[in-house]
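Okay, so here's the structure we're looking at.
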2 protein chains.
Amino acid sequence: MSQRPLILVCNDDGIFAPGIQALIEVMQELGEVLVVAPDSPQSGMGHAITINSTLRVNRIQNTQGLVKYSCSGTPVDCIKMAVSKLSERPISLVVSGINHGSNSSINVIYSGTMSAAVEGCIEGIPSIGFSLCNYSYDADFESCKPYVKKIAKLVMENGLPEGVCLNVNIPSVHASKIQGVRVCRQAKAYWEEEMDERVDPRGGKYYWLTGVFKNVDDGIDTDEWALANNFISVVPVQIDITAYKAMEELKMWDFSIEN
Amino acid sequence: MSQRPLILVCNDDGIFAPGIQALIEVMQELGEVLVVAPDSPQSGMGHAITINSTLRVNRIQNTQGLVKYSCSGTPVDCIKMAVSKLSERPISLVVSGINHGSNSSINVIYSGTMSAAVEGCIEGIPSIGFSLCNYSYDADFESCKPYVKKIAKLVMENGLPEGVCLNVNIPSVHASKIQGVRVCRQAKAYWEEEMDERVDPRGGKYYWLTGVFKNVDDGIDTDEWALANNFISVVPVQIDITAYKAMEELKMWDFSIEN
């Protein structure tokens, strides 16, 4: 039995995306790899889980040091399936990605890639989500591989604080242009939605959800600043989302219903 | 034109669930109500958005002071649709629920109900998610109505800190048993998954995702403690999920790739 650490690889672009292939290649240098990833694209699925329908799993590869399963569910389902059903020994690291497109700033909340990492963290496993700031299917994942390896290695060596995982975003530039790695906070931003209204052949209206990303944070300690300046951003993300500072203010409120 | 505040009501159990009906009734006492809610149950959808397929909207009611739309998307889609397309004036308050079942502790991350509130918060609108700790379709929503009204009224009067919304959970007990309201932190907990394996008529395996909720937090300042002791729990939730404390530790790491 292999004593190499077991690394679980997931993503949200689907098991056949080039980004996950790049991540698998890097992780094979660091351990034994188990891939459990969606059988179709699941971008924007956030932390969705499948409870109103059923899940299917297919083993699609099983060679020395690489076992691959596709799953009909969301990225979070994949992590739950891997942990509870498919892994034969404890998982040392969960990595998700490499996402085709940025998951910086508020996108962390919508991202299926990051939700897989968050789920790994909830399960008590050191977890990292990787995203390349390039939405193209043919994006170049080679330039970032040394950094992906380095960050994964650091997490395997040092662990992560309890309840914390990493959101790593990588600028889409040639390796020679990457300025290094910066530990950042999530920039304050939002999407200004646009509903692209269309008419189907039977005259019914339907909509495509689209929008424009608005960064409203000019801090130089943010992930958006780092990426704009060709740094790789590393944002530690926590699963306890209590707004502790707000608790004191709320405790002053009179909630009694006897008016 | 009405000068009453405009209140957007959403949920994740679907527009025909009794819980949203109770919430609509309470909100009609506080303002003009716009309902935009999923046309089918969307429990466990987390912060999913619909980007790989299209959205449909149907206006199903339009009477004095109450306009209802059903939407084919997720709870978060509903909020985006309401804000960008369906509301004719600024929304003063977003309320989501009343959920059939608890969204306390780590469930906040999986919950479509809470994700609707989080999305309202991202949009800059004071937002609250309400959940009753009773999964039954026929749950009694009457007992909690005075508290739902009081909490919504307090939020309308005082506002909420920027980037913060409320996760309100209500014990499923008679009004006379409710001990009051407690401002809490999110308890540390997780789900121990079980994949319920079955075989379809053609011999193929499939799974139902199920599990057991494990509270591993014995703090008396948590939502789990409050609910177990018949208090309504109010957890302020933040959309900046940066683990600030972890940043200092991570900044000590040597990320350079020149080994």
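To the nearest 20 debye, what charge dipole does the protein assembly as shown have about its Cα centre, counting +1 at the Cβ of each Lys and Arg and -1 at the Cβ of each Asp and Glu?
With only Lys, Arg, Asp and Glu charged at Cβ, the dipole is about 560 debye.
Measure out, as a whole number of angstrom, how far apart the alpha-carbon centroids of the stretch B:120-159 and the stretch A:170-242 sit.
Distance between centres, Cα-based: 30 Å.
Dipole of the stretch B:43-139, Cα-centred, from +1 at each Lys and Arg C-beta and -1 at each Asp and Glu C-beta, to the nearest 20 debye?
260 debye
List the distances, in nm to one decimal, from the label point of B:Q64 to the label points of the same position in every other copy, shortest first, placing each label point 7 Å from Cα along the Cα-to-Cβ direction.
Those label-point separations list as 8.1 nm.
Rounded, prolate or oblate: which fits the stretch B:105-196 when a ≥ b ≥ c are the square roots of the eigenvalues of the alpha-carbon gyration tensor, with rounded for a/c under 1.5 and prolate only if a/b beats b/c?
Verdict is oblate for the stretch B:105-196.
Please list 3J(HN,Hα) in residue order for the stretch B:218-226, calculated via the Karplus relation 6.51 cos²θ - 1.76 cosθ + 1.60 where θ = phi - 60°; whole Hz, with x for glycine and proline.
9, x, 8, 9, 9, 5, 4, 5, 4
Report the Stokes-Einstein translational diffusion coefficient (µm² s⁻¹, integer) for the protein assembly as shown, Rh taken as the Kirkwood radius over Cα pairs, at 4 °C with viscosity 1.567 mPa s.
56 µm²/s
Between rounded, prolate and oblate, where does chain A land on the alpha carbon gyration tensor, with a ≥ b ≥ c its root eigenvalues, rounded for a/c under 1.5, else prolate if a/b exceeds b/c?
Rounded, because the longest to shortest axis ratio a/c is under 1.5.
How far apart, in nm, are the 7 Å Cα→Cβ label points at B:Y137 and A:K245?
With each label point 7 Å from Cα toward Cβ, the separation is 4.5 nm.
Using 1/(1 + (r/R0)^6) with R0 = 22 angstrom and r between the beta carbons of B:N58 and A:I51, what's the FRET efficiency to the nearest 0.05?
Step by step, r from the Cβ atoms, then E = 0.30.
With the cut-off at 24 Å, tell me which of the pairs A:K251/B:K145; A:K150/A:K214; A:K251/B:K251; A:K85/B:K214; A:K150/B:K188 have Cα atoms farther apart than that.
In this structure, A:K150/A:K214; A:K251/B:K251; A:K150/B:K188 exceed 24 Å between Cα atoms.
When you take every Cα atom in the stretch B:197-259, what is the radius of gyration, and what is Dmax, the widest Cα pair distance, in Å?
Every Cα atom of the stretch B:197-259 included, Rg and Dmax give 22.0, 58 Å.
At 0.36 nm per residue, and after removing the present C-alpha to C-alpha distance, how many nm does the segment from B:R202 to B:L66 gain when stretched out fully?
44.1 nm
To two decimal places, what compactness ratio does the stretch A:159-208 give when its Cα radius of gyration is scaled by 2.2 N^0.38 Å?
2.10
How big is the Rg/Rh ratio for the stretch A:1-104, C-alpha atoms only, Rh by Kirkwood, two decimals?
0.94
Going from the alpha-carbon gyration tensor of the stretch A:1-60, what semi-axes, largest first and in whole Å, does one get by taking the root of 5 times each eigenvalue?
With the √(5λ) rule applied to the stretch A:1-60, the semi-axes are 24, 14, 10 Å.
Every number in this text was worked out from the coordinates using simple rules, so none of it is lab data. It should be emphasised that the depicted structure is a prediction, and the values quoted were computed from it without experimental measurement. Heads up, the Cβs are rebuilt from the backbone with ideal geometry, glycines too, and the neighbour counts pull from every protein chain shown.
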